[in-house]
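See below for the structure under consideration.
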Amino acid sequence: MRHAILGAGGVGGFVGAVLAAAGEQVTLLVRRESYASHPRTLKLESPLGNLSAPVTLAAVLGRPVDVLWVTTKATQLEAALATVPYPERASCVVPLLNGIDHVGRLRSQFGNELVIPATIAAELERSGPGHIVHRSSFVRFGFAAAGQAALAKPVEQLVAFGCTATFEADERTLLWRKLVLLAPMALNTTAAGRNVGGLRGDPEWARRFEQAVREACAVAVAEGAKIDVKKTLETLQTFPDSLKSSMQKDVEAGRPPELDAIGGPILRGAARHGIEVPVTGELMEAISYRLSAIRGR
């Protein structure tokens, strides 16, 4: 199969490396200014196994592909889509972005039927161009059931490498299930400047963490997702103490965080349904203030 990766960071690099190592044709879509210097090989360091696989580079999606994997940061999506001027050349589009709102944006460009919503849970980083480091012991994918036929082969290859994957009929629940885990963790670790263990060890931050989970779950249910707050809290207890969110790392580095993509759907959903989400709002304000302070140094 022919694959294109839009977003050559941690997530895109991981997917691209695994598929290329399995013998698939993988094209990385990179910025024009990076084209000449970007490695033509993806290197992956992972507890599941280390890989090095050749890929093709392109500044624009010029040839038809079976699957376009959209793996940019939400803050980079609009600029990245300029590298796909011919949307009809993608037979299937699989976004692995954080949040909810990107699905509608992509469907407006590629069409409803071609976009297969998906999620990924893993701690992945790009340590340098073409070099991906997988820091968690797991990689969990979830795909909307509409993509089961089109994605059967690449999902089989990801599972063979050691990932887990499910196909789910309810895409709303699929997306919100990830967000009710990600948002409280990302907002709290970033606002506090602590890893998950640091939050658990502080009673006040632990209380905020739990309240943020309850707020996110209440909005998700109001939006029509099948979410269990007790199960969500139990799942968060399995997160390692050492875990730091990508939002926290972005803010510490002075990069634009995915604040609106991750916290925005909760605030907007709460407004639509008349739900109070004070802790989520406070955390987002605190992160905005912290980012301004870091940039002002």
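Please state which one of VAL84, VAL159, VAL155 is closer than 30 Å to LEU291 by Cβ, among the β-branched types (Val, Ile, Thr) and either surrounded by 15 or more Cβ atoms within 10 Å (Cβ to Cβ) or over 18 Å from the mean Cα position of the chain (by Cα) (or both). Outline the logic, then answer.
Values: VAL159 fails: closer than 30 Å to LEU291 by Cβ; VAL155 fails: closer than 30 Å to LEU291 by Cβ.
Result of the check over VAL84, VAL159, VAL155: VAL84.
Which of the residues spanning segment 185-202 are under 15 Å from ASP241 (Cα atoms) and part of a helix (DSSP H, G or I)? I'd like the intermediate steps shown before the answer.
Just the residues of segment 185-202 that are under 15 Å from ASP241 (Cα atoms), to begin with: 185-186, 188-190, 192-202.
Correct list: MET185, ALA186, ASN188, THR189, THR190, ALA192, VAL196, GLY197, GLY198, LEU199, ARG200.
Residues in segment 36-55: is at least one among the acidic types (Asp, Glu) and either in contact (Cβ under 8 Å) with a residue 40 or more places away in the chain or within 20 Å of VAL155 (Cα to Cα) (or both)?
Yes, because at least one residue in segment 36-55 is among the acidic types (Asp, Glu) and either in contact (Cβ under 8 Å) with a residue 40 or more places away in the chain or within 20 Å of VAL155 (Cα to Cα) (or both).
Scan (1) assigned to a loop (DSSP other than H, G, I, E, B); (2) at pLDDT below 95 for the single condition THR72 breaks and write down its number.
(2)
Name the residues in segment 145-154 that are assigned to a helix (DSSP H, G or I) and over 18 Å from ALA17 (Cβ atoms), would you? Give the steps one after another, and end with the answer.
Just the residues of segment 145-154 that are assigned to a helix (DSSP H, G or I), to begin with: 145-147, 152-154.
Residues satisfying the conditions are ALA145, ALA146, GLY147, ALA152.
Quick test for you: out of VAL15, VAL70, VAL60, pick the one residue that is among the hydrophobic types (A, V, I, L, M, F, W, C) and surrounded by fewer than 21 Cβ atoms within 10 Å (Cβ to Cβ). Give the derivation first.
Numbers: VAL15 fails: surrounded by fewer than 21 Cβ atoms within 10 Å (Cβ to Cβ); VAL70 fails: surrounded by fewer than 21 Cβ atoms within 10 Å (Cβ to Cβ).
Result of the check over VAL15, VAL70, VAL60: VAL60.
Is it fair to say ALA220 is in the same structural domain as VAL251 (by TED's automatic domain parsing) and without any contact (Cβ under 8 Å) to a residue 24 or more places away in the chain? Steps first, answer last, please.
On the way: in the same structural domain as VAL251 (by TED's automatic domain parsing): yes; without any contact (Cβ under 8 Å) to a residue 24 or more places away in the chain: no.
It is false that ALA220 is in the same structural domain as VAL251 (by TED's automatic domain parsing) and without any contact (Cβ under 8 Å) to a residue 24 or more places away in the chain.
Filter segment 155-184 down to the residues that are polar (S, T, N, Q) and not in a helix (DSSP H, G or I), then identify the one that is farthest from GLU45 (Cα to Cα). Full working, then the answer.
Step one: filter segment 155-184 for residues polar (S, T, N, Q), giving 157, 164, 166, 173.
So of that shortlist, the ones also not in a helix (DSSP H, G or I) come out as 164, 166.
Details: THR164: 18, THR166: 24 Å.
Of everything passing the filter in segment 155-184, THR166 is farthest from GLU45 (Cα to Cα).
For VAL219, indicate whether it is in contact with a Ser or Thr (Cβ under 9 Å, 6 or more places away or on another chain), crowded, with 16+ Cβ neighbours inside 10 Å and more than 30 Å from ALA169 (Cβ to Cβ).
Working: in contact with a Ser or Thr (Cβ under 9 Å, 6 or more places away or on another chain): yes; crowded, with 16+ Cβ neighbours inside 10 Å: yes; more than 30 Å from ALA169 (Cβ to Cβ): no.
Here the answer is no, as VAL219 does not meet what is asked.
The values are calculated or read from the model by the stated rules, or taken from the named source; none is laboratory data. Since the structure is predicted, the reported quantities are computational estimates derived from the model, not experimental observations. Every residue, glycine as well, gets a Cβ built from its backbone with ideal geometry; the counts of neighbours run over all protein chains shown.
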